[in-house]
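Worksheet for the structure shown next.
The values are calculated or read from the model by the stated rules, or taken from the named source; none is laboratory data. In this text, all values refer to a predicted model and were calculated from it rather than measured experimentally. Because the Cβ atoms are built from the backbone with ideal geometry, glycine has one as well, and the counts that use them run over all protein chains shown. Areas reflect the complete protein model, heavy atoms only, side chains present, ligands, DNA and RNA absent. Shrake-Rupley method; radii C 1.70, N 1.55, O 1.52, S 1.80 Å.
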Amino acid sequence: MLRTKIAGIGTYVPEQVVSNDDLKKYMDTNDAWIQERTGIKERRYAKRTGETTTTMGVEAAKKAMERAGTTAKDIDFIIFATLSPDYYFPGCGVLVQRALKMKEIGALDVRNQCSGFIYALSVGDQFIKSGMYKNILVIGSEKHSFGLDFSTRGRNVSVIFGDGAGAVVLQPSENDKQGILSTHLHSDGENAELLAMYNPGTHANHWTEKQLADFDDAEIAEMFMSHNMIDNAQNFPFMDGPSVFKKAVVKMPEVIMEALTANQLTPADIDMLIPHQANLRISQFVQQQLGLRDDQVYNNIQQYGNTTAASIPIAWCEAWEKGKIKEGDLVCLASFGSGFTWGSALLRW
């Protein structure tokens, strides 16, 4: 039976380090307040011009391909996960294909926010196992800093997020002691608006047809993005933090246990858990629920903040580079985010 192995992994984070104290220039906050609620000490911000979600993804991809012993010409499919694409459309996948001068291969964009990388990894796993592709490039990349509300009004969201990218190259393997064992994906859209960026969008603020009848076509067109939205800060992300926290600390342990149970394993068998870096307090709660030791869990949100779709591959690569993940280790990846969506992946390194 074919297995999907991680042939190479790479990351890219911007040079600019932004500390909690740096954010005091823009909003009423302080280092103690941010660390107490999130565990974050600093994050990275991309350059306003010159660095994009795509360019960061390309740099991470180059490292992953080099470590996999492949070139851009070898890649036969791209899967790109992000919530902060360069453009509303087209997606970043085709921009990577262009930047790396690849063949006219397929490119798929995944919009599952914090769970994007797990979803992308799962899709790639199925393509490899089916024999459809042999060298799949999976990228998670985010440039949050360009779209945050840097004021006291927006501090609950803005202090959390950072920029960066991670990538892996997937290849087939007949070694049943290596590779992805299983992936598990879930969603519940009942409270989708609790963590969302409403504008720009086509929902017209959830107005009914009867309400819209009072506006002419020009006014309706402005509902996609208008001066009024900007004036009222309606073009920034919204998050009900306590509600997201409560859901995450239930669903993340559940989906981790689902993966372990599916493979007749227990939390004690995990050599390294890489949780999505949403909030250090969430990761610590999950660790406690599963009875894991500190050396079984890797967190780096303290240095990078929440890089959503990029956070798992960044933490995963960093843990491996530090020698915390060795050949044969059981690695579990888990995420929870906007949608709500959540998922896990279990693999042998």
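Taking 18 Å as the cut-off, the amide N atoms of segment 150-186 that come nearer than this to a point 7 Å along the Cα-to-beta-carbon line of Gln284 belong to 160. Using the 1.4 Å probe convention, the accessible area of segment 9-62 works out to 50 Å² per residue with neighbouring protein chains retained.
Estimated at 0.36 nm per residue, the fully extended path between Ala268 and Lys246 surpasses their Cα-Cα distance by 5.4 nm. Average accessible surface for segment 171-283: 57 Å² per residue, computed with a 1.4 Å probe over protein heavy atoms with every protein chain in place. Accessible area ranking (1.4 Å probe, heavy atoms, ligands and nucleic acids excluded), largest first, for Glu15, Glu142: Glu15, Glu142. What the Cβ-Cβ distance of Glu209 and Arg293 gives, at R0 = 51 Å and to the nearest 0.05, is a FRET efficiency of 0.35. A probe of 1.4 angstrom, applied to the heavy atoms of all protein chains, finds His184 with accessible area near 20 square angstrom. Just the protein heavy atoms count here, and of the accessible area of segment 1-45 at 1.4 Å, carbon and sulfur take up 42 percent.
Computed from phi, the 3J(HN,Hα) profile of segment 252-267 under the Karplus parametrisation 6.51, -1.76, 1.60 (θ = phi - 60°) reads 5, x, 4, 6, 5, 5, 4, 5, 5, 4, 4, 10, 6, 10, 10, x Hz, with x in place of Gly and Pro.
Distances between placed amide hydrogens fall under 5 Å for Asp109 paired with Phe80, all partners being 5 or more residues away or on another chain. At a probe radius of 1.4 angstrom, the accessible area of segment 88-155 per residue rounds to 45 square angstrom. Near Gly8, the amide H atoms lying under 5 Å from its own belong to Val169; only residues 5 or more places off or on other chains count, and H is placed 1.01 Å from N.
Of Trp33, Trp342, the order by accessible heavy-atom surface (1.4 Å probe, DNA, RNA and ligands excluded), from most exposed downward, is Trp33, Trp342. Coupling constants for segment 57-69 follow from the phi torsions by the Karplus curve (6.51 cos²θ - 1.76 cosθ + 1.60, θ = phi - 60°), and in residue order they are x, 4, 5, 5, 5, 4, 5, 5, 5, 4, 5, 7, x Hz; glycine and proline get x. Computed from backbone phi, the HN-Hα couplings of segment 181-196 come to 7, 6, 10, 9, 10, 8, 8, 8, x, 4, 10, 4, 6, 6, 9, 7 Hz, rounded to whole numbers (Karplus: 6.51 cos²θ - 1.76 cosθ + 1.60, θ = phi - 60°; Gly and Pro given as x).
The lysine pair count for segment 1-129, using Cα distances under 15 Å and pairs eight or more places apart or on different chains, is 7. Extension gain for Arg37-Met1 works out to 8.4 nm (0.36 nm per residue, less the C-alpha to C-alpha distance).
Carbon-plus-sulfur accessible fraction, segment 220-283 (probe radius 1.4 Å, protein heavy atoms only): 57%. Both radii were evaluated on the Cα set of segment 88-152; the Rg over Rh quotient, with Rh as the Kirkwood radius, amounts to 1.06. Amide H contacts of Gly164 (H built 1.01 Å from N, in plane; Pro and chain starts excluded): Glu142, His144 sit under 5 Å, all sequence-distant by 5 or more or on other chains. The calculated Kirkwood hydrodynamic radius for the chain is 20.6 Å, given to one decimal from all distinct C-alpha pairs. Straight-line cross-link partners of Lys322 among the aspartates and glutamates, defined as a Cα under 16 Å from its Cα and at least 8 positions apart when in the same chain: Asp271, Asp294, Asp295. Summing +1 for each Lys or Arg and -1 for each Asp or Glu among the other residues whose beta-carbon sits under 13 angstrom from that of Glu51 gives -1.
Taking 0.36 nm per residue of sequence separation and removing the Cα-Cα distance, the Tyr198/Asp216 pair yields an extension gain of 4.3 nm.
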